[in-house]
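Peer 1: Got a structure for you, questions after.
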Amino acid sequence: MILNGSLPNSCEAATPSGRVACIVITYNPDMDLLRASLDALKDESCSVTVVDNGSANIAELRHEIDRHDVTLVALGSNEGIASAQNHGIRLQADADFVFLLDQDTVTPPGIIAALLDDAYHLQKEGLRLAAIGLPYRDYYTGRPAAAFRTMDGQIRRLDLSGDTGRFAETDFVIASGSFIPMTTLKDVGMMEEDLFIDLVDLEWCLRAASAGYRCVLSLSHAISHRIGDRRARLFGRSITMHAPIRNYYFTRNCLLLAQRSYIPMCWKRYFLSRASFSLVAFVLVGDARLTRLRFMLHALHDGMKRWGGPYGKTVKVRHEKALP
């Protein structure tokens, strides 16, 4: 569904005002990419907070932070991306909007003013805004990413390359480049820390949708974003390769989310199919195959038992009604 300024009307929203808090999450960052990311933000009208998840190159990171007018929150250990995001959000609780970024995402000039204008336009038209996302081009292939939208009980992949509208509605936006009203966060809740990493953004967007909020992509802007460490081919498909431990989190979290009542059935089927595919794909084409298999088997066990948190320190996931 492409949005061209014609949305269901309710009441007009006020022009977004106040400040925007940009939160950049780091973990063993490539310093060249992080430098480019921070340089892109230096002329933007926002405060910037870098939340570091226990990077081994923290000394280099501190040196880079000193070159920029930004705040560093060093957690000292890897608490997971959801926890790091929540640390930043709580620190900037008086902001009107939160702009989440990964360490390797480079934004175009004037992005904050553009996103504020987008938010005003959407809210004025009566949209209950969950998040505005930015389309991204794959760091490895240069191809634009697609959007995914539930239609007639099926998840449809939308090719946005030829669209000329201002916005495209989507079921979710990736965390990096997501622009979220603080009022929505206060209503829907924070990021789910039990997931630790992987599918944190998708879970939050689907949770927001169950509360009547909607996600859109702003088609006037784009970012460069790197997902994964490399690409591999399997059965004619290009798949993203991560470190073996990430196979555990992705597979386990697929199983956790497939058991949630607020997750639409088509997404439950997706999560179950992706868990099954991952078990085969990453063991077949990945390095350290026995390690990946061990992580996968642990993921199957923990996911079915509804255990979350960091690997090796799992805890029973809270009942979904008690989620943040």
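The values are calculated or read from the model by the stated rules, or taken from the named source; none is laboratory data. This one's a predicted model, so the numbers in the text were calculated from it and none came from an experiment. With ideal geometry, Cβ positions are generated from the backbone for all residues, glycine too; neighbour counts draw on all protein chains shown. Please note that ligands, DNA and RNA were not included when accessible areas were found on the heavy atoms of the full protein model with its side chains. Shrake-Rupley method; radii C 1.70, N 1.55, O 1.52, S 1.80 Å.
Peer 1: Could you please tell me which pairs satisfy a Cβ distance under 9 Å, a separation of 6+ or placement on different chains, a first residue in region 77-97 that is within 29 Å of residue 311 (Cα to Cα) and in a helix (DSSP H, G or I), and a second residue that is polar (S, T, N, Q) and open to solvent by 10 Å² or more (accessible area, probe 1.4 Å)?
Peer 2: So the pair list comes out as 84/78; 91/71.
Peer 1: While we're here: Counting just the residues of region 49-64 that are of a type in the set (D, E, K, R) and in a helix (DSSP H, G or I), which one comes out modelled with the lowest pLDDT?
Peer 2: Looking at the filtered set, the residue picked out is 64.
Peer 1: Restricting to region 249-273, what's the tally of residues that are over 16 Å from residue 317 (Cα atoms), in a helix (DSSP H, G or I) and more than 18 Å from the chain's Cα centre (by Cα)?
Peer 2: 6
Peer 1: Does residue 214 satisfy the condition of being in contact with a His (Cβ under 8 Å, 6 or more places away or on another chain) and surrounded by fewer than 21 Cβ atoms within 10 Å (Cβ to Cβ)?
Peer 2: Judged against the criteria, residue 214 is not a match.
Peer 1: Restricted to region 40-64, and to residues that are in contact (Cβ under 8 Å) with a residue 12 or more places away in the chain and farther than 23 Å from residue 90 by Cα, which residue is least open to solvent (accessible area, probe 1.4 Å)?
Peer 2: Result: 64.
Peer 1: Then there's this: Out of 125, 79, report the one residue that is of a type in the set (Asp, Glu), open to solvent by 10 Å² or more (accessible area, probe 1.4 Å) and within 19 Å of the chain's Cα centre (by Cα).
Peer 2: Being of a type in the set (Asp, Glu), open to solvent by 10 Å² or more (accessible area, probe 1.4 Å) and within 19 Å of the chain's Cα centre (by Cα) holds for just one of 125, 79, which is 79.
Peer 1: Still on this structure, I have one more. If you go through region 277-324, how many residues are modelled with pLDDT under 75, under 30 Å from residue 185 (Cα atoms) and either among the charged types (D, E, K, R) or open to solvent by less than 70 Å² (accessible area, probe 1.4 Å) (or both)?
Peer 2: Selection size over region 277-324: 5.
Peer 1: Does residue 289 satisfy the criteria of being over 20 Å from residue 196 (Cβ atoms) and free of Cβ contacts under 8 Å to residues at least 24 places away in the same chain?
Peer 2: Working: over 20 Å from residue 196 (Cβ atoms): yes; free of Cβ contacts under 8 Å to residues at least 24 places away in the same chain: yes.
Here the answer is yes, as residue 289 does meet what is asked.
Peer 1: Every residue in region 166-211 that is in contact with a His (Cβ under 8 Å, 6 or more places away or on another chain), farther than 26 Å from residue 302 by Cβ and open to solvent by 10 Å² or more (accessible area, probe 1.4 Å), please.
Peer 2: Scanning region 166-211 gives a single hit, 166.
Peer 1: Can you tell me how many residues in region 65-76 are part of a helix (DSSP H, G or I) and crowded, with 16+ Cβ neighbours inside 10 Å?
Peer 2: The number of residues fulfilling the criteria is 1.
Peer 1: May I pose another question? Among what's in region 99-122 and is buried (at least 22 other Cβ atoms within 10 Å of the Cβ) and hydroxyl-bearing (Ser, Thr, Tyr), pick the residue that is farthest from residue 19 (Cα to Cα).
Peer 2: 105
Peer 1: Got a number for residues in region 146-176 being free of Cβ contacts under 8 Å to residues at least 40 places away in the same chain and in contact with a Phe, Trp or Tyr (Cβ under 8 Å, 6 or more places away or on another chain)?
Peer 2: 4
Peer 1: If I go through region 257-276 residue by residue, how many of them are modelled with pLDDT under 95 and open to solvent by less than 40 Å² (accessible area, probe 1.4 Å)?
Peer 2: Within region 257-276, residues that are modelled with pLDDT under 95 and open to solvent by less than 40 Å² (accessible area, probe 1.4 Å) number 1.
Peer 1: Can you list the strands (runs of 3 or more DSSP E) lying wholly within region 146-214 that have 1 or more residues being charged (D, E, K, R), in contact with a helix residue (DSSP H, G or I) (Cβ under 6 Å, 6 or more places away or on another chain) and under 24 Å from residue 25 (Cβ atoms)?
Peer 2: By residue number, no strands (runs of 3 or more DSSP E) qualify.
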